Structure formats: C-alpha cells, structure tokens
1. Scan (1) hydrophobic (A, V, I, L, M, F, W, C); (2) in a loop (DSSP other than H, G, I, E, B); (3) closer than 29 Å to residue 141 by Cα for the single condition residue 313 breaks and write down its number.
2. Among the listed residues 163, 130, which satisfies the condition of being assigned by TED's automatic domain parsing to the domain that holds residue 233, surrounded by fewer than 16 Cβ atoms within 10 Å (Cβ to Cβ) and touching a Ser or Thr at 6+ places or on another chain (Cβ under 8 Å)?
3. Consider residue 231 carefully, then state whether it is at pLDDT 95 or above and over 18 Å from residue 372 (Cβ atoms).
4. Can you name the residue in segment 172-186 that is exposed (fewer than 12 other Cβ atoms within 10 Å of the Cβ) and not hydrophobic (A, V, I, L, M, F, W, C) and is also farthest from residue 239 (Cα to Cα) among such residues?
5. Please count how many residues of segment 193-212 are assigned to a loop (DSSP other than H, G, I, E, B) and surrounded by 22 or more Cβ atoms within 10 Å (Cβ to Cβ).
6. Please state which one of 296, 253, 265, 287 is closer than 15 Å to residue 329 by Cα and either modelled with pLDDT of 95 or more or buried (at least 18 other Cβ atoms within 10 Å of the Cβ) (or both).
7. Do the conditions hold for residue 223, that is, is it part of a loop (DSSP other than H, G, I, E, B) and either within 26 Å of residue 106 (Cα to Cα) or touching a Cys at 6+ places or on another chain (Cβ under 8 Å) (or both)?
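The values are calculated or read from the model by the stated rules, or taken from the named source; none is laboratory data. These numbers come from a predicted model, not from an experiment. Because the Cβ atoms are built from the backbone with ideal geometry, glycine has one as well, and the counts that use them run over all protein chains shown.
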Amino acid sequence: MTPTRHARWPSALALGISIALAACTAQPTPPPAAPAPAPSAAPAPATPPPVAATESAQPVLGPQPVRAWGTGPDGSALAPIDEAHAPLAAEGRTENAATTTTGKAGILRAQVLLLRAHYSSGEIDGLSGSNLAKAVRGYQQQQGLPVTGILDAATWQALNQDSAPVLVTYTLTQADIDGPYLPTPGKVEDKAKMQRLVYQDIGEMLGERFNSKPDLIRALNPDADFAKAGTTLVVPYTRPAQQLPKASRIVVDKSDATLQLLDGDGKVIAQFPASTGSSRFPLPIGDWKLTSVVQDPDYRYDPDLLVGQPKDAKPATLPPGPNGPVGIVWMGIDKPHYGIHGTPEPGQISRTQSSGCVRLTNFAAQAVATAVEVGTPVTFRE
C-alpha cells in the first residue's frame with residue numbers, strides 16, 4: 001500500500017473517522033524505551049535506509065515527533081508575538097481588521113484571538129455556538145469583564161490588544177504533500193495491523209496543524225492546488241501570544257464541559273472545551289493526580305472492559321498516531337483506565353459524550369501536556 005495524495009479532499013473527511021470502541025477504558029501504553037546501543041567500532045547511521053513500500057507491506061513511517069503548542073521546530077519556546085516574529089498577513093482579508101466584529105469574519109477573528117489568549121472554542125470553523133460562548137465567558141471572567149458570553153464592545157477591546165494578524169500565509173512544502181496519508185480502517189483488528197494511524201489526507205493534517213476545521217481551510221483557499229509544493233495558502237494564525245506557564249492544577253467542569261488550567265493562586269490561565277463522560281460512563285468526580293503524560297501513545301483495546309463489543313472480539317494493541325482512539329497525547333490519572341487525551345474527531349468535542357475520560361482536540365491536549373507534569377493535581381467536578 002502506498003500513501004495516497006489528494007489535490008482535493010471530500011468534505012466528509014473533514015469530520016474525521018468514527019471510532020467503534022470506547023477510548024477511555026483501556027490505558028495507552030507508553031512507547032518502549034530505546035534500547036541501549038551495542039558496543040561497536042562503527043557509529044550507527046543517522047537515518048535508517050529507505051524501505052520500499054509494496055502492496056503487502058506498510059510504508060515505514062517511523063515515529064513522528066509532536067511539536068509542543070507554541071514551540072519552534074527544535075522544541076524551543078517561541079518568543080512572544082511581535083511585528084518582527086509575525087508571518088506575512090494575508091492581504092485583503094477583513095478578518096485582519098480590528099474593526100471586524102460581526103458576521104462570519106468577526107466570529108473567525110474572535111475564535112483565533114481567543115485561542116491565542118488560551119481560551120479555546122475548539123476547532124476553528126467561523127461559526128457561532130456553545131463552545132464559542134464558553135470561551136467568551138471564560139475570557140471575560142479572566143479579564144474582569146461582565147460575564148455574558150457575548151462579544152460586546154468591551155470584550156472586543158480586550159481581544160484587540162493582540163494586534164498580530166488573524167489570517168496569514170503558509171506555503172505548502174513537499175513534506176506536506178508527501179504525508180504519508182492512509183485511510184483509517186473501521187475494524188479494530190485492521191487498525192492493529194497498521195504501523196501508525198496517520199492522517200487520512202492533507203486536509204486533516206492542515207486542519208489539525210492550524211486547529212481548524214478542514215472545510216474552513218478549503219473555504220479560505222477555494223482555488224488552491226493542495227497537491228503542489230509551493231502553493232500559498234491563507235490559514236489562521238494560531239500561535240499563542242504568550243507561552244503557557246506551568247499549571248498548578250487541572251479542573252474539569254462536567255456541567256460546563258470545559259477543562260481549565262489554574263496557576264498557584266487558583267487563577268484560570270487557560271480553558272478548553274471537553275467531552276466529559278456520559279450517563280453510562282460518568283466522569284469520576286473527585287480529586288486525582290496525573291500519573292503519566294505520554295506523547296504519541298499506542299492503545300490497548302480490551303473488549304472485556306467495554307460494553308457492546310462483539311463476542312469474538314480479541315484484545316489488540318492499536319498503533320500511535322493522530323487518528324488513534326486517544327489522539328496524540330495521553331495523560332493518565334490515579335484511577336485505572338481513566339485520563340485526559342486527544343481525539344481523531346476534533347469537531348465532536350463537547351458535542352458528543354465520552355466513555356468516562358476527558359477528551360480534547362489534539363491541539364488542546366498538546367497545549368495541556370506542555371503545561372502539566374506527573375503529579376499535577378486534577379479535580380473533576382459536577
């Protein structure tokens with residue numbers, strides 16, 4: 001099987017894939033530690049030799065490092081945004097004007113500015129809804145403004161203190177085109193045969209890179225050739241204005257379907273929409289602590305821990321990747337099989353139920369992971 005390339009991607013793929021198993025009842029296993037190098041007079045090669053993909057063999061994808069939110073390609077913290085660091089603003093876009101406060105352009109502007117202030121409305125789509133209202137309420141409270149959930153003049157004045165462009169240009173690279181991209185199988189046993197659960201197409205990849213619905217990227221670039229390196233795209237500028245500091249506590253609010261990060265004084269420093277359990281698999285209310293923060297986790301599927309699985313279902317280990325059941329990050333708590341994690345379906349966050357865990361977009365899960373550590377207290381409340 002060889003990676004597929006897409007000049008266009010079907011709009012249905014923008015919704016991701018449907019995971020047929022509960023993602024919160026089996027804890028991911030951390031990637032195995034690298035073996036100690038054997039004594040040798042000759043140094044190991046810097047990169048493995050290329051392996052040709054055949055119809056019966058998966059391409060050798062290798063671990064793909066996950067870049068921390070607000071970090072550069074080498075993992076170093078980015079400097080605060082200023083005119084010298086900002087990329088080229090997209091020309092002729094009303095979203096970049098501080099006077100744009102209404103319509104779809106105003107909503108898109110608000111979503112990007114809120115995200116950069118660490119108050120995420122989830123996947124950026126240019127649409128109003130409950131996730132946007134929650135982000136606005138959280139931001140208003142943090143700013144000491146009347147908490148209404150409405151983008152009023154005072155809220156816009158505060159948001160517009162961030163003067164970096166909302167939409168910027170991005171040039172597709174050959175690596176972007178090459179992927180690799182592969183369809184995600186529907187059956188557990190077929191997922192287990194994959195080497196990685198990678199993005200299905202370039203639309204999924206770009207959407208996640210810019211925390212945006214793939215359909216929005218397409219709408220911003222209706223005439224773009226997504227199969228050609230060098231193509232210039234218009235994309236949301238999602239880099240945060242300031243790096244998140246280390247959080248002293250995680251608080252998940254079941255009634256509001258949000259995850260908040262608190263500093264040592266109990267002040268909220270970030271907020272993200274979340275899926276927080278269901279009536280059948282309720283969120284475990286109480287005080288916990290993080291016991292693991294695992295990047296790029298694989299996933300142990302155990303049908304005995306799940307409801308409604310086929311009688312002949314067998315345990316399996318699913319490989320890591322953004323389209324795995326727990327996405328690109330797993331943060332376990334000291335209650336077996338429960339944790340905070342990413343998802344292959346970012347558009348469904350806080351709109352669908354989870355199986356007892358706290359589910360975030362991959363973008364948000366990575367942001368949280370950069371601000372916490374093993375031992376960080378976690379509170380799940382009604």
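1. (3)
2. After ruling out the rest, the residue left standing is 130.
3. Against the criterion (at pLDDT 95 or above and over 18 Å from residue 372 (Cβ atoms)), residue 231 qualifies.
4. Residue satisfying both the conditions and the ranking: 186.
5. So the count comes out to 8.
6. Among 296, 253, 265, 287, only 296 is closer than 15 Å to residue 329 by Cα and either modelled with pLDDT of 95 or more or buried (at least 18 other Cβ atoms within 10 Å of the Cβ) (or both).
7. Here the answer is yes, as residue 223 does meet what is asked.
For (1) surrounded by 18 or more Cβ atoms within 10 Å (Cβ to Cβ); (2) of a type in the set (S, T, N, Q); (3) assigned by TED's automatic domain parsing to the domain that holds residue 254, each residue gets a yes or a no:
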| site | (1), (2), (3) |
| --- | --- |
| 308 | no, no, yes |
| 315 | no, no, yes |
| 343 | yes, yes, yes |
| 346 | yes, no, yes |
| 367 | yes, no, yes |
| 373 | no, no, yes |
| 376 | yes, yes, yes |
